[in-house]
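A.B. asks: The structure that follows is given in the form of structure tokens.
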Amino acid sequence: MPDLLVPLYHLPGPVEMNGIWIGRPPSHLAHRVAGYVGDNFGERWRSESLSSLRAVPPKMLVAVEEGAGGIKGFCCWDATALGFLGPVGVSPEARGRGIGKALVLRCLSMMRDQGYGYAVIGAAGPVGFFQSFCDARPIEGSEPGIYHCPIDGSSRPD
């Protein structure tokens, strides 16, 4: 899977989500957020998301359905490398509602506000998803990318 480059200087406006709160998780609930990521997306994404959760303030946003609906998605930035967006995931039952797009656009906007001109989405699985709303462009020669590691011989983050 290639990395994608996203220019941050002409992002579309935020996506409003009725009934969904999107914000930074407070540090005292980091264990719950990390548990959600691990249970729904695997231990590698849980490990990667922990670095975003441990930043002050956290470099992660979560989407929570109001009315005790629980966490429905998350998006991190600067987790494995500075300037990288991800991991990002939405619970299967919540997909198709715009939650992923809302999370990604808010995170990209926060990265822009921190001074980044571009973001990299490493080993982007759903390339078409990102290309559909944030002008994501494949980076030629980006495979196996940053996730290749001799510790386990892996070239994928999941």
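The values are calculated or read from the model by the stated rules, or taken from the named source; none is laboratory data. If you're wondering where the values come from, they're calculated on a predicted model, not measured in any experiment. With ideal geometry, Cβ positions are generated from the backbone for all residues, glycine too; neighbour counts draw on all protein chains shown.
A.B. asks: Looking at region 63-101, which of the residues that are of a type in the set (A, V, I, L, M) and in contact with a strand residue (DSSP E or B) (Cβ under 6 Å, 6 or more places away or on another chain) is surrounded by the most Cβ atoms within 10 Å (Cβ to Cβ)?
C.D. replies: 85
A.B. asks: Follow-up question, since we're still on this one. Name the one entry in 109, 142 that is of a type in the set (S, T, N, Q) and out of contact with any strand residue (DSSP E or B) (no Cβ under 9 Å at 6 or more places or on another chain).
C.D. replies: From the options 109, 142, the qualifying one is 109.
A.B. asks: Of all residues in region 36-60 being out of contact with any helix residue (DSSP H, G or I) (no Cβ under 7 Å at 6 or more places or on another chain) and not in a helix (DSSP H, G or I), which is surrounded by the fewest Cβ atoms within 10 Å (Cβ to Cβ)?
C.D. replies: Per the criteria, the residue is 56.
A.B. asks: Among 35, 19, which is small (Gly, Ala, Ser), farther than 22 Å from residue 122 by Cβ and free of Cβ contacts under 8 Å to residues at least 24 places away in the same chain?
C.D. replies: The conditions single out 35.
A.B. asks: Being of a type in the set (A, V, I, L, M, F, W, C) and closer than 20 Å to residue 147 by Cα is the filter here, so list the residues in region 35-69 that pass it.
C.D. replies: 37, 41, 45, 50, 53, 60
A.B. asks: Output the number of residues of region 63-96 satisfying the condition of being in contact (Cβ under 8 Å) with a residue 40 or more places away in the chain and of a type in the set (Lys, Arg).
C.D. replies: Looking only at that region, the number is 1.
A.B. asks: Residues to consider are 103, 82, 108; find the one that is more than 23 Å from residue 15 (Cα to Cα) and at pLDDT 95 or above.
C.D. replies: After applying the criteria, what remains is 82.
A.B. asks: When you scan region 97-154, how many residues do you find that are part of a strand (DSSP E or B) and over 25 Å from residue 23 (Cα atoms)?
C.D. replies: 4
A.B. asks: Is it fair to say residue 40 is more than 12 Å from the chain's Cα centre (by Cα), farther than 15 Å from residue 107 by Cα and at pLDDT below 95?
C.D. replies: No.
A.B. asks: Return the total of residues in region 97-113 being touching a helix residue (DSSP H, G or I) at 6+ places or on another chain (Cβ under 9 Å) and in contact (Cβ under 8 Å) with a residue 40 or more places away in the chain.
C.D. replies: Selection size over region 97-113: 3.
A.B. asks: Going through region 1-35 one residue at a time, which ones are charged (D, E, K, R) and either surrounded by 17 or more Cβ atoms within 10 Å (Cβ to Cβ) or in a loop (DSSP other than H, G, I, E, B) (or both)?
C.D. replies: The answer is 3, 16, 24.
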